[in-house]
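Visitor: This is the structure, below, for whatever I ask next.
Read-outs throughout are calculated quantities, based only on the coordinates presented, and are distinct from any laboratory measurement. Remember, it's a predicted structure, so these values are computed and weren't measured experimentally. FYI the Cβ positions are ideal-geometry reconstructions off the backbone, even for glycines, and counts take in every protein chain you see.
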Amino acid sequence: MTVVPTTGTATPVAAPVKRRRLRFVANPKATTGLVILGFFALIAVVGPWIAPYDPSGRSSDLLQGPSAAHWFGTTHLGQDIFSQVVVGTRSVIVVGFVAGIVATILSILVGVTSGYLAGAGSEVLSALSNVFLVLPALPLMIIITSTLPETGTLTIALVIGLTSWAWGARVLRAQTLSLRGRDYVEAARATGEKTWRIILFEILPNLTAVIASGFVGTVIFAVTLEITLAFIGIGAGSDWNWGTVLYWAQSQQALAQGAWWWFVPAGLAIALLGTALSLVNFGIDEFVSPRLRGGGKSNVKTADGHTVRMRVGFTPVLATKTRSEGRETP
Amino acid sequence: MTDAVLEIRGLNVDYGLGDDAVHAIRDVDLTLHRGEVLGLAGESGSGKSTLAYGLTRLLPPPGVITGGEVLYHPDGGDPVDVLRMDHATLRKFRWAETAIVFQGAMNSLNPVHRISTQLTDVIKAHDPRSTSASRLARARELLHLVGISADRLDSYPHQLSGGMRQRVMIGMALALEPKVVIMDEPTTALDVVVQRQILRQLVELRERLGFSVVFITHDLSLLVEFSDRIAIMYGGRIVEEAASADLYRDPLHPYSHGLLNSFPALRGPKRELTGIPGSPPDLRAMPAGCAFHPRCPHAMERCGVEVPVLGVPGDRPGPADRTVACWLHPVQDNGL
Amino acid sequence: MSYLLKRIAFYLFTAWAAITINFFIPRVIPGDPVQALITRSRGQMTSEAVQSLYVLFGLDKDASLVEQYVDYLGQLLRGDLGLSFAHFPSPVTQVLGDGLPWTLGLVGITTVLGFLIGTALGTGIGWRRGSWADALIPVTTFVSSIPYFWLGLIAIALLTGPDSFFPASGAYDNGLVPNPDLEFIGSVVRHGILPAFTILISSMAGWILSMRNMMVTVASEDYVTVAHAKGLSDRRVMVSYAARNALLPNVSGFALSLGFIVGGTLLVEIVFSYPGLGLQLYQAVGAKDYPLMQGIFLIITLSVLLANFLADVAYLALDPRTRREG
């Protein structure tokens with residue numbers, strides 16, 4: 001990673017957009033996250049074809065541990081858990097992304113509008129997002145979904161998307177408020193630019209990182225919520241997802257029977273997907289605020305052989321000789 | 001000439017390590033004498049703030065000091081090298097001997113603590129046996145010194161105006177009666193009227209208390225008025241150093257000349273404002289030879305090849321205590 | 001003070017919004033699941049109980065929406081949340097009364113403790129940036145991505161068993177009668193340790209990460225550099241200058257994510273069969289006990305709002321800029 005001086009003493013060089021974008025991809029955290037995410041996305045697409053068994057299909061291998069035939073073992077009905085996890089990936093990814101997209105669109109609409117427009121309308125929108133923010137999501141989802149006649153993957157995704165936009169809206173509102181006062185926005189307004197043009201071309205491009213990070217955050221939230229709902233038996237009808245696997249494991253007393261393989265793979269898959277999404281978000285955070293970036297090497301060797309950690313407040317001294325020879329011409 | 005209180009010798013500061021390192025300060029020699037105001041001027045990126053933070057070892061990562069000495073001469077004692085101190089010694093040394101007033105007055109105060117807390121904690125840290133009553137009395141005295149009424153002790157920073165906050169910072173800098181006060185653009189964020197009030201007060205305080213000041217700014221006209229001597233920095237090096245009157249009357253380095261013409265003089269004859277064409281050098285890709293030669297109206301072939309050495313100019317002989325690093329004014333051979 | 005009044009107004013508004021949502025959801029969604037349940041248990045319910053459910057779920061088609069709403073609010077004010085089907089014939093309020101203390105004890109204590117410990121650890125890791133402590137970051141990221149309930153399952157699988165000190169379920173030994181004596185309290189503590197640690201570990205991870213990032217950001221603020229320049233002790237700079245400021249966004253983050261955290265902790269109760277609101281919610285979902293579900297939603301929402309308000313008061317005490325005194 002290149003080290004960029006963080007104080008104002010060195011002239012900041014305006015990096016072209018393309019280079020900045022490359023730097024995001026070059027971020028090791030973001031790359032790792034994207035690779036894992038890509039892996040799950042691939043499974044989500046091809047899952048039903050590569051699964052060795054029908055996830056609901058019963059067999060005579062009841063409650064078997066992992067073996068060559070059943071990598072993750074079998075359930076009390078002889079169903080192949082590996083196939084359940086692989087096939088269930090699609091539902092998880094679909095809910096995550098559909099809910100993420102719905103919530104992100106809503107959060108942009110509410111957040112940017114309430115941030116850009118002043119007055120009572122703005123206050124009402126802001127209060128609305130705060131209300132949605134403090135309402136406990138899980139119980140709310142439960143009373144909504146339990147009264148719905150049908151709770152397929154898409155319904156769950158839509159309900160999550162429609163209820164979880166508030167966080168993004170709040171962040172976007174704050175960002176828009178600060179952007180609104182910037183010189184170039186003021187200038188655009190002064191020259192009589194239309195409001196929608198200002199929002200579209202002056203405000204939104206500067207919110208890209210915030211929107212992206214809000215989207216990823218919502219995907220994490222939605223995935224966790226879907227799995228949690230499935231675990232307590234909501235939306236566990238026809239579609240397999242990782243939460244459904246855990247629901248059956250719990251309701252069939254997998255623990256009491258020592259069938260650890262029933263719940264370990266699905267849980268690890270959730271944690272891995274969550275980690276991947278968090279890594280992408282760390283990448284975005286570090287991209288936006290360079291202070292968070294690891295400074296590459298953080299330990300330096302001094303002239304007398306000690307290793308000193310670079311830290312705020314005590315600049316390391318590498319050598320105390322009075323003159324540095326051989327550095328006259330760069 | 002008075003004796004030295006702070007001597008910087010061959011200071012080198014990098015940002016980063018190894019081949020990626022940016023050389024922000026190169027071989028800087030500078031002496032601060034007792035009781036004087038030394039001005040440090042240059043465009044942003046010239047290294048003047050890095051120099052100030054570097055000599056107190058307050059540069060944030062990835063800043064590293066790659067060489068040099070910073071000698072502090074205590075009253076009647078042997079000089080000590082700030083760069084060789086361990087953390088505990090450095091902690092004791094800080095503020096007691098050299099205090100700093102930082103660039104952004106707005107952000108220098110901790111927003112969650114009262115002014116009194118921030119004035120007294122430094123006294124307590126350096127004199128743990130002091131009583132809280134004596135510390136509070138001292139804090140009151142310090143506020144009085146900078147012209148703020150004592151009932152402001154209970155205020156939080158956000159309740160003070162920008163000018164007041166900067167005064168508090170100056171008062172805080174004087175808490176332990178240091179010999180050296182470093183001021184990094186202390187008035188840049190303030191409006192002109194407040195700026196001048198504070199500077200006048202500062203001059204007064206210095207005369208009363210006798211500390212030395214390193215005054216950093218990009219506003220050379222301000223320095224001409226308030227400082228005894230001025231050092232001009234460019235591309236991480238000092239390119240000219242002279243008494244302020246000499247520098248104002250007869251700048252030798254073309255860069256100093258350009259800087260002087262970038263700001264309207266507050267007093268004295270009017271000059272035509274011309275500024276300097278081009279922009280400060282990219283520290284990551286410094287031009288060969290004299291760093292200023294791509295922007296210099298008088299550049300010669302030699303300027304693009306050899307780095308000029310800082311020394312007494314051969315064409316200005318005499319007792320004038322001034323140095324310059326420019327091939328237009330080559331260094332005297334015998335004068336050193 | 002106006003800050004506090006504003007917040008109180010906001011929470012009252014939100015409470016009203018939650019109650020109204022609760023009123024509308026069964027009315028806008030097609031199907032009358034409650035009607036079916038009432039029909040099934042006909043003859044066992046008093047006519048008053050049936051009437052109360054009619055008001056709660058909008059089954060009284062003759063009344064206008066406004067009338068229904070007024071009746072509904074009036075019934076809530078009397079504390080009548082209807083009868084629970086799963087715990088027939090107990091009223092919902094009585095069922096909630098049984099579960100609430102356990103949830104408050106378990107979730108309340110662990111949530112606050114998780115925040116405090118996580119913040120303290122994040123402070124240290126953020127301050128010693130670049131040291132070995134940074135190696136904890138990937139671990140905490142991974143842990144914070146694990147659903148609470150799954151971690152509970154793992155804890156049960158690994159740590160409980162016939163010979164284990166830790167019981168796998170319940171809040172106290174079945175043979176005991178709830179009494180404030182030493183044996184009962186000991187049993188409660190023993191049953192509480194595993195669920196508590198599950199919640200602590202999962203909730204701590206998030207606070208470690210956010211506090212660490214805030215510390216890194218705050219460490220390059222001018223006032224921290226000034227604190228170093230003043231020669232203050234490392235501890236004082238870290239605690240009183242850096243952490244004290246980094247704490248502020250973490251506290252408001254705590255307030256905002258309470259609703260989310262409480263959701264996660266309720267799941268832990270399910271896994272450990274801990275007799276709090278979470279387990280009751282789980283049973284209510286299984287038994288389609290709509291009155292109980294709605295009652296739990298209301299009581300959890302109100303508790304979260306109250307906790308939010310307390311967090312606001314804490315923030316007020318911590319950040320002088322929110323106090324307007326002159």
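Visitor: Within the set B:Lys48/C:Lys230; C:Lys6/C:Lys288; A:Lys29/C:Lys6; B:Lys48/B:Lys92, which residue pairs have Cα atoms separated by over 31 Å?
Guide: C:Lys6/C:Lys288; A:Lys29/C:Lys6
Visitor: Still on this model: Could you work out how far apart the two model spin labels at C:Phe165 and A:Glu150 are, taking each label as a point 7 Å from the Cα in the direction of the beta carbon, and quote it in nm?
Guide: The modelled label-to-label distance comes out at 5.4 nm.
Visitor: Obtain the radius of gyration and the Kirkwood radius of region B:105-205 from its C-alpha atoms and give Rg over Rh.
Guide: 0.95
Visitor: If you take the charge dipole of region C:167-309 about its Cα centre, with +1 on Lys and Arg Cβ and -1 on Asp and Glu Cβ, which of C:Ala219, C:Val189, C:Leu298 is farthest toward its positive end?
Guide: The residue sitting farthest along the positive end of the dipole is C:Ala219.
Visitor: Near the amide H of B:Leu40, under 5 Å away, which other amide H atoms are found, from residues 5 or more places off or on another chain, if H is placed in the peptide plane?
Guide: Those lying under 5 Å, H to H, from B:Leu40 are B:Phe215, B:Ile216, B:Thr217, B:Ala231.
Visitor: Calculate one ³J(HN,Hα) per residue across region B:107-115 by plugging θ = phi - 60° into the Karplus curve 6.51 cos²θ - 1.76 cosθ + 1.60, and present them in order as whole Hz with x for glycine and proline.
Guide: Coupling constants for region B:107-115: 9, 7, 9, 5, x, 9, 10, 5, 4 Hz.
Visitor: Per residue and in cubic angstrom, what volume does the convex hull of the Cα atoms of chain B have?
Guide: Residue-normalised Cα hull volume stands at 151 Å³.
Visitor: Bin all alpha-carbon pair distances of region A:142-235 at 5 Å intervals from 0 and give each bin's fraction as a whole percent.
Guide: For region A:142-235, the pair-distance distribution reads 2, 12, 19, 16, 12, 10, 9, 8, 6, 4, 2, 0.
Visitor: Within 10 Å of each candidate Cβ there may be at most 15 other Cβ atoms; applying that plus a DSSP loop requirement, which GluC sites (Glu not before Pro) in region A:169-212 survive?
Guide: A:Glu193
Visitor: While we're looking at this one, here's another question. Any idea what the alpha-carbon Rg over 2.2 N^0.38 Å comes to for chain C?
Guide: Compared with the compact-globule rule of thumb, chain C sits at 1.20.
Visitor: Charges only on Cβ, +1 for Lys and Arg, -1 for Asp and Glu: so what's the dipole of region A:33-180 about the Cα centre, in debye to the nearest 20?
Guide: 460
Visitor: Give me the distance in nm between label points sitting 7 Å out from Cα along the Cα-to-Cβ direction at B:Ala4 and C:Ala120, one decimal.
Guide: Reported label-point gap for B:Ala4 and C:Ala120 is 5.0 nm.
Visitor: Quick check: from the Cα gyration tensor, does region A:193-294 come out rounded (a/c under 1.5), prolate or oblate?
Guide: Cα axes put region A:193-294 in the oblate bin.
Visitor: Quote the Stokes-Einstein diffusion coefficient, in whole µm² s⁻¹, for the protein assembly as shown, based on the Kirkwood radius over alpha carbon pairs, a temperature of 37 °C and a viscosity of 0.692 mPa s.
Guide: 101
Visitor: Between region B:163-222 and region C:90-149, what's the alpha-carbon centroid distance in Å?
Guide: The distance from the Cα centre of region B:163-222 to that of region C:90-149 comes to 48 Å.
Visitor: Once phi is turned into ³J(HN,Hα) by the Karplus curve 6.51 cos²θ - 1.76 cosθ + 1.60 with θ = phi - 60°, what whole-Hz value does each residue of region B:226-240 show in order, with x for glycine and proline?
Guide: Listing the rounded values in order: 9, 10, 7, 10, 10, 10, 9, 10, 8, x, x, 10, 7, 9, 7 Hz.
Visitor: Exposed loop sites here are trypsin sites (Lys or Arg not before Pro) in DSSP loop states with at most 10 other C-beta atoms within 10 Å. What is the longest stretch of chain C lacking them?
Guide: C:79-323
Visitor: Could you give me the ³J(HN,Hα) list for region B:12-25, computed from phi with Karplus coefficients 6.51, -1.76, 1.60 and θ = phi - 60°, whole Hz, x at Gly and Pro?
Guide: Karplus-based 3J(HN,Hα) across region B:12-25 equals 10, 10, 10, 9, x, 10, x, 6, 7, 4, 9, 7, 8, 10 Hz.
Visitor: Treating only the Cβ atoms of Lys and Arg (+1) and Asp and Glu (-1) as charged, compute the dipole magnitude of region C:223-326 about its Cα centre; round to the nearest 20 debye.
Guide: My answer is approximately 480 debye.
Visitor: P(r) of region C:43-165 in 10 Å steps, Cα pairs, percent per bin?
Guide: 10, 21, 21, 17, 17, 11, 3, 0
Visitor: Next up: Please go through region C:151-207 and write out the chymotrypsin sites (Phe, Trp or Tyr not before Pro) that DSSP classes as loop and that have at most 15 other C-beta atoms within 10 Å.
Guide: C:Phe165
Visitor: Work out the charge dipole of region B:91-141 with +1 on the Cβ of Lys and Arg and -1 on the Cβ of Asp and Glu about the Cα centre, then indicate which of B:Ala96, B:Ser132, B:Val122 is farthest towards its positive end.
Guide: B:Ser132
Visitor: About the Cα centre of region B:83-192, how large is the charge dipole given +1 on each Lys and Arg Cβ and -1 on each Asp and Glu Cβ? Please answer in debye to the nearest 20.
Guide: 340
Visitor: Given region B:1-148, what whole percent of its Cα pairs are spread farther than 21 Å?
Guide: Percent of Cα pairs beyond 21 Å in region B:1-148: 55.
Visitor: Return the inverse of the average 1/r over all pairs of distinct C-alpha atoms in region C:209-326, which is the Kirkwood hydrodynamic radius, in Å to one decimal.
Guide: After inverting the mean inverse Cα-Cα distance, the result is 17.2 Å.
Visitor: Excluding the sites themselves, what is the longest stretch of chain B that contains no GluC sites (Glu not before Pro) in a DSSP loop with at most 15 other C-beta atoms within 10 Å?
Guide: B:1-271
Visitor: Just the projected area, averaged over all directions, of the convex hull on the alpha carbon atoms of region A:62-107: how many nm²?
Guide: So the mean shadow area of the Cα hull is 3.8 nm².
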